[in-house]
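Taken together, the values in this text are just the output of simple stated rules run on the coordinates, not laboratory data. Quantities reported herein were computed from a predicted structural model and do not represent experimental measurements. Every residue, glycine among them, receives a Cβ derived from its backbone with ideal geometry; neighbour counts consider all protein chains shown.
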Amino acid sequence: MLNITLPDGSVRELPVGSTGYDLAAGISEGLARNALAVRVNGEIRDLHRALPDTATVEILTWRDEGGKSTYWHSSAHLMAEALEALYPGVKLAIGPAIENGFYYDVDLGEGRSISSEDFPAIEKKMLELAKNKSKYERREVPKAEAIAYFTEKADPYKLELLENLEDGNITFYTQGGFTDLCRGPHIPDTGTIKAAKLMNVAGAYWRGDEKNKQLTRLYGITFPKATELAEYLERLEEAKRRDHRKLGKELKLFTFSERVGAGLPLWLPKGTALRERLEQFLRKAQVKAGYLPVVTPHIGAKELYVTSGHYEKYGADSFQPIKTPNPGEEFFLKPMNCPHHCEIYKSEPRSYRDLPVRLAEFGTVYRYEQSGELHGLTRVRGFTQDDAHIFCLPEQVKEEFQKVIDLVLYVFKALGFSDFTAQISLRDPENTTKYIGSDKNWALAEAAITESAAEKGLTTVTELGEAAFYGPKLDFMVRDALGRRWQLGTIQVDYNLPERFELEYVAPDNTKQRPVMIHRAPFGSLERFVAVLIEHCAGNFPLWLTPEQFIILPISDKFIDYAKQVKAQLEAADLRGTVDARDERIGRKIRDAEMSKIPYLLVVGEKEAEAGQVGVRKHGEGDLGAMNVAAFVASVQQQMAEAMAQ
């Protein structure tokens, strides 16, 4: 018998040779019907593969990320089968699942192309093939047989992939009349694919190398129900309406200029006010938590980044060096703040009694992102990190790490991000050459993160190969109002930079020891955070944060002076807003203010001026009636206090 442990810790006995499907069927008929794959000891596998003994097994359905990923990977194979039927002789490269759907890179051959006009025919063929309920069958194949198969098909891309695969580790998957080189896993059969939509077509160089041939990359997405596809397409339309680039322009938050340079945002007055409020909010929390503010230059000598390892790892992604009149002297635009903070720590002797030392900076850094990867505020070449580095004793690591978790959670709660997962990002055990530092230090750092997340009760996933080159991370993956996932806050444990910079403290026995370094950024970068926040709340920022909390709308020029008096009263109470003194009808003023998403519209005319009142309209809700100015101030202040106290 097999002993199988379920995620809840319970153990089930199954006959040797049992599959994930057998396990699901033994739990419930409904689970077996909805099961798509299984996670066995952390590895996702086909539902119908035999289970090993003493394994921990999780049944994956459409509700699970692993289930969706498997479903979309299988859909990529279904699309490839449809393409082979519609475009005889097409050569296939790679077709992975992505966060929302999948793509396949294909070589259509000379003189052939695919445009959006061809999408309906491909979608129709995919669903026609899906109705056959063809099983995805896995087969281990000798390398010689695999080479012979793709040689016969004259597929140079699969043959090139085979060059790096070892004999004995090669698998084929077949569904219907289609066979592909693939590690898997896949869903049981094509029958669960009920709705298909091709989303985009683009060019993509083979293996991402512009020296190679450009292939056609076809993006698609599938669902188990047609209603789910319709809901997804509606969310995409809503995403367009919420696009931070569109709203940023409409709300006059930021702009870009070709003369300034691609990927270098210019913050307009309202955007600057928003950004400064975010900084003030976090600065206040950091002071309470014992952080010390510092400021470092925008450039650093090349040797600084050679010492830190950033030059070796990120030199290609940096701007070209700044050469001075002194021969051999080079500076770089700062790609990271941490090397500078190491030098600040090192600027004076430290005792164990001084630790932890918490250095915080809103530091602007620069990285030369490729122009094709730039995207509004989410991918830029110059951005400001809410960066801090904690230098602590080894025995303080877990406590400090957990305090940072508390700070990140405080930030998320204040800004309305309630749906998130903590991703434990570890190094790739199969390729440790990408990282610096000893195995011992990596083990200590990874243990500190894993234990801290568990003790704080965080919902976590573990991803191998996602660590920074100097240490593992806890990345906070936040879902916005549209269900999209963003990586925002991050915390990292680092035993390596203290060694590279020879950082020390005097221990109780008077020996010199190395501190441990914790990197943290609750926002991640202000630019990216603001972009996500704009789209999450559709530009309707929390009242305490929004650049303009009110706008006063005089019915005519006769009441502009009264409007200015009201504005002065509100500003004296630390509320922010303006007077719309334009020679426009009141209806036009109200429409424009609503479009600008200002929370409170205060209409003033003869009646309000005589009574010392304002007519209050709330954005998105309409008329709330007349209110005394002092009562309005008290109401707004109470709302902000309650929001910050939650």
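For GLY437, what is the net charge nearby, where nearby means another residue's Cβ is under 10 Å from its Cβ and Lys, Arg count +1, Asp, Glu -1?
Numbers: positive: ARG427, LYS440, ARG500; negative: ASP439, ASP494, GLU499.
Local net charge: 0.
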statement: Out of PRO429, PHE178, ILE122 - ranked by how far each Cα lies towards the positive end of the dipole of the chain, with unit charges on the beta-carbon of charged residues - the top one is ILE122
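For a quick protection proxy, order the peptides 167-173, 184-190 by their average other-Cβ count within 10 Å, most packed first.
Numbers: 167-173: 14.9, 184-190: 22.7.
Top of the packing list down: 184-190, 167-173.
With the Cα gyration tensor of the range 536-646 giving a ≥ b ≥ c as the square roots of its eigenvalues, does the rule (a/c under 1.5 for rounded; else a/b larger than b/c for prolate; else oblate) give rounded, prolate or oblate?
Values: a/c = 1.92, a/b = 1.33, b/c = 1.44.
Oblate is the answer for the range 536-646, as a/c is 1.5 or above yet b/c matches or exceeds a/b.
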- request: Over all alpha-carbon pairs in the range 66-234, figure out the percentage whose distance exceeds 26 Å.
  value: 25 percent
message: In Å and on Cα atoms, what radius of gyration and Dmax does the range 2-61 show?
response: 9.9, 25
- prompt: Ranked highest first by average number of other Cβ atoms within 10 Å, how do 69-79, 209-219 line up?
  reply: 69-79, 209-219
task: Give, in nm to one decimal, the length gained when the segment between ALA121 and GLU29 is fully stretched (0.36 nm per residue of separation minus the Cα-Cα distance).
output: 29.5 nm
- prompt: Can you list the aspartates and glutamates whose alpha carbon is less than 20 Å from that of LYS249, not counting same-chain residues fewer than 8 positions off?
  reply: GLU237, GLU238, GLU258, GLU276, GLU527, GLU535, GLU548, ASP580, ASP592, GLU594
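When you count, for each residue, the other Cβ atoms within 10 Å and take the mean per peptide, how do 401-409, 428-436, 8-16 rank with the highest first?
On the way: 401-409: 20.0, 428-436: 12.3, 8-16: 10.1.
Most protected by this proxy first, the peptides run 401-409, 428-436, 8-16.
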- request: At a Cα cut-off below 20 Å, give the lysines reachable from LYS225, other chains included and same-chain residues fewer than 8 away excluded.
  value: LYS68, LYS124, LYS125, LYS131, LYS133, LYS135, LYS194, LYS197
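Mind pulling the per residue volume of the convex hull built on the Cα atoms of the range 330-418? Å³ is fine.
Details: hull volume 12.7 nm³, N = 89.
Per-residue hull volume (Cα only) is 142 Å³.
Let me have the relative contact order for the range 167-248, percent, based on Cα pairs under 8 Å that are six or more residues apart. Could you put the intermediate results ahead of the total?
On the way: 81 pairs, mean separation 17.6, N = 82.
That works out to 21 percent.
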- prompt: How many nm separate the modelled label positions at THR255 and ALA573, each set 7 Å beyond the Cα in the direction of the Cβ?
  reply: 3.4 nm
- prompt: How much net charge surrounds LEU575 when only the other residues with a Cβ under 10 Å from the Cβ of LEU575 are counted, with Lys and Arg +1 and Asp and Glu -1?
  reply: -1
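Tally Lys and Arg at +1 and Asp and Glu at -1 over the other residues with C-beta under 14 Å from the C-beta of ALA82: what net charge comes out?
Working: positive: LYS124, LYS125, LYS131, LYS197; negative: GLU81, GLU84, ASP118, GLU123, GLU128, ASP180.
Computed value for this residue: -2.
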